Amino acid sequence: MNLRVCGDCHSVFKFISEIIQQEIILRDPYRFYHSAVESALAVPHEISPNLDDFVRIKIGMQSVMQAGLLKEGLCSVQDESAGLVVSIVDPQSGESIIDCCAAPGGKTLFMAAQLSGQGAVSAIDINKGRLRILKETAKLQNVDNVVTTVDADLRTFADQNQDKSNKVLLDAPCSGLGVLSKRPDLRWNRRWEDMEQLKALQDDLLDAASMLVKPGGVLVYSTCSIDPGENEERVAAFLLRHPEFCVDPVDSYVPADFVTEHGFYSSNPVKHSIDGAFAARLVRSS
Ligand SMILES: C[S@@+](CC[C@H](N)C(=O)[O-])C[C@H]1O[C@@H](n2cnc3c(N)ncnc32)[C@H](O)[C@@H]1O
């Protein structure tokens with residue numbers, strides 16, 4: 001299981017120093033955070049080799065929960081595969097980012113944390129209940145000042161909205177074939193017609209998301225599936241419909257081990273011991 005350190009390290013140190021009743025001297029924030037978690041909460045962990053803000057724990061979740069780190073919004077449970085998709089969006093302080101299928105908000109909140117209080121994330125989703133969870137968690141993690149929620153069908157929103165952005169993330173609804181170890185129920189619930197409908201929806205959402213990208217801007221398409229039909233094939237079909245976009249290889253954003261020969265991001269549960277996921281970084285020329 002992965003934990004992400006949310007928001008600024010200073011609040012985490014303050015919280016942990018209260019638990020262990022010792023003053024903490026801040027040198028290397030992340031290294032100190034990691035050793036504090038281990039010594040204060042006795043939770044063995046490994047530092048993620050892929051992402052600064054992530055630690056891996058196999059046992060000890062109970063201690064983390066009892067200490068209140070999740071309840072206080074100082075940590076969240078998030079798979080590294082989701083964190084790596086955010087690395088590909090590469091949020092920079094001051095930017096305005098549109099997150100097209102945002103709820104329940106794992107990626108939105110990580111992107112918002114990376115803006116360091118400057119900029120904005122518009123979190124669009126068709127599911128009101130999940131969007132409410134996103135809003136509450138944004139408050140808990142202290143990033144509600146940069147997150148706005150929009151309850152809408154992306155297709156209608158894109159048709160009616162004139163504002164465009166330099167960065168747009170479409171984390172599309174998918175079969176979840178990359179997360180079967182966590183959602184074994186998905187194994188039994190798939191029919192051929194469902195998959196065809198899902199791919200048609202992914203195409204529609206890609207078309208809608210592309211309308212929100214400024215010339216020169218970036219569209220990141222991601223799924224938590226390892227099925228080429230939902231990934232590479234959707235991107236290839238999109239590029240045929242939208243010659244104004246081209247692939248920007250992701251090598252500058254994630255470790256080489258995750259980069260496919262076509263410049264996409266792909267994680268695999270067997271090869272990388274994290275969830276399976278896919279992302280393509282597409283740049284709009286005009
Ligand atoms: C894979 S989940 C998103 C996960 C989210 N990005 C995260 O990291 O927590 C896909 C989301 O797409 C939303 N969705 C499905 N169809 C949509 C549509 N037409 N317009 C907007 N959102 C839609 C679903 O409600 C669901 O929350």
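The numbers here are math on the coordinates, done by the rules we state, and not lab data. Only a predicted model underlies this, so the values are computations on that prediction, with no experimental measurement involved. Every residue, glycine among them, receives a Cβ derived from its backbone with ideal geometry; neighbour counts consider all protein chains shown.
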Counting other beta carbons within 10 Å of each residue's own, what order do 107, 199, 71 fall into, fewest first? 71, 199, 107
Cross-link reach from residue 58 to lysines, straight Cα distance under 24 Å and at least 8 residues apart if same chain, gives 71, 107, 182, 271
Find out how many positive minus negative residues lie around residue 172, taking Lys and Arg as positive, Asp and Glu as negative, among other residues whose Cβ is under 9 Å from that of residue 172. -1
Run the reach check for residue 128 against aspartates and glutamates, Cα to Cα strictly under 16 Å, same-chain hits fewer than 8 apart removed. What comes back? 99, 136, 151, 153
Which order do 136, 95 fall in if you start with the one that has the fewest other Cβ atoms within 10 Å? 136, 95
So, over other residues within a Cβ distance under 15 Å of residue 122, counting Lys, Arg +1 and Asp, Glu -1, the net charge is -3
Under 5 Å, built H, 5+ apart or other chain: amide partners of residue 165: 213, 214
Projected onto the charge dipole of the stretch 68-129 (+1 at Lys/Arg Cβ, -1 at Asp/Glu Cβ, origin at the Cα centre), which of 124, 78, 94 gives the Cα projection farthest towards the positive end? 124
Sorted by Cβ density within 10 Å, fewest first, the residues 270, 168: 270, 168
